[in-house]
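K.L.:
Quick one: this structure, given as structure tokens, is what I'll be asking you about.
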Amino acid sequence: MREWSLITSHGLVLAAISRDSQKTARQIGDDVGLTERRAHKIIVDLEQAGYIKRTKFGNRNVYTINPDVPLITRLSDASAGDLLALFGWQRQKRTKKPKAARQDNV
């Protein structure tokens, strides 16, 4: 019997990236049971769709997830962050920049 998953390969790759944003395509593929080539293709798809942003540091890539991108489905208004929360992912807390002190004219 063929093995199947409720979550697509794209969803699994996104979940693997959410667990470690500095893994290589080979490591991501190993995590989800895909070849390095297939994992790389999915990473490109996710980047083109806006789910992730790839930043080059030396000879490595670091991925940043955009959790606000909606899932592509007519059945739900859930976002990528909502899906990743099922895998235990938590949003990064953003640090707010201090506002410049206002000078009130008296």
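K.L.:
The conditions are (1) within 14 Å of Ala16 (Cα to Cα); (2) at pLDDT 75 or above, and Leu86 fails exactly one of them. Which is it?
P.N.:
Looking at each condition in turn, Leu86 falls short on (2).
K.L.:
Residue by residue through segment 45-60, note down the ones that are more than 24 Å from Gly88 (Cα to Cα) and without any contact (Cβ under 8 Å) to a residue 24 or more places away in the chain.
P.N.:
Those that are more than 24 Å from Gly88 (Cα to Cα) and without any contact (Cβ under 8 Å) to a residue 24 or more places away in the chain: Gln48, Lys56, Phe57, Gly58, Asn59.
K.L.:
Would you confirm whether any residue within segment 59-71 is in contact with a Lys or Arg (Cβ under 7 Å, 6 or more places away or on another chain), modelled with pLDDT of 75 or more, assigned to a helix (DSSP H, G or I) and under 16 Å from Leu12 (Cβ atoms)?
P.N.:
Within segment 59-71 (the criterion being in contact with a Lys or Arg (Cβ under 7 Å, 6 or more places away or on another chain), modelled with pLDDT of 75 or more, assigned to a helix (DSSP H, G or I) and under 16 Å from Leu12 (Cβ atoms)), the answer is no, since none of the residues qualifies.
K.L.:
Continuing with this model, one more query. Suppose we filter segment 30-42 for residues that are more than 19 Å from Trp4 (Cα to Cα), in contact with a helix residue (DSSP H, G or I) (Cβ under 6 Å, 6 or more places away or on another chain) and not acidic (Asp, Glu); how many remain?
P.N.:
Residues that pass the stated criteria total 1.
K.L.:
Taking segment 32-46, which residues are surrounded by 14 or more Cβ atoms within 10 Å (Cβ to Cβ) and within 24 Å of Asp82 (Cβ to Cβ)?
P.N.:
Val32, Leu34, Ala39, Ile42, Ile43, Asp45, Leu46 - these are the residues of segment 32-46 that are surrounded by 14 or more Cβ atoms within 10 Å (Cβ to Cβ) and within 24 Å of Asp82 (Cβ to Cβ).
K.L.:
Which residues, counting only those in segment 5-31, are surrounded by 19 or more Cβ atoms within 10 Å (Cβ to Cβ) and either assigned to a helix (DSSP H, G or I) or among the aliphatic types (A, V, I, L, M) (or both)?
P.N.:
Gly11, Leu12, Val13, Leu14, Ala15, Ala16, Ile17, Ser18, Ala25, Ile28, Gly29
K.L.:
Starting from segment 16-43, take each residue that is within 14 Å of Asn61 (Cα to Cα) and list its partners that are outside any loop (DSSP other than H, G, I, E, B) and of a type in the set (Lys, Arg), counting only C-beta distances under 7 angstrom and pairs at least six apart or across chains.
P.N.:
Gln22/Arg60
K.L.:
A follow-up question, please. Which residue is surrounded by the most Cβ atoms within 10 Å (Cβ to Cβ), if the candidates are limited to segment 72-83 and must be at pLDDT below 80 and in a loop (DSSP other than H, G, I, E, B)?
P.N.:
Residue satisfying both the conditions and the ranking: Ser76.
The values are calculated or read from the model by the stated rules, or taken from the named source; none is laboratory data. It should be emphasised that the depicted structure is a prediction, and the values quoted were computed from it without experimental measurement. Counting neighbours? That spans all protein chains shown, and the Cβs are built from the backbone with ideal geometry, glycine included.
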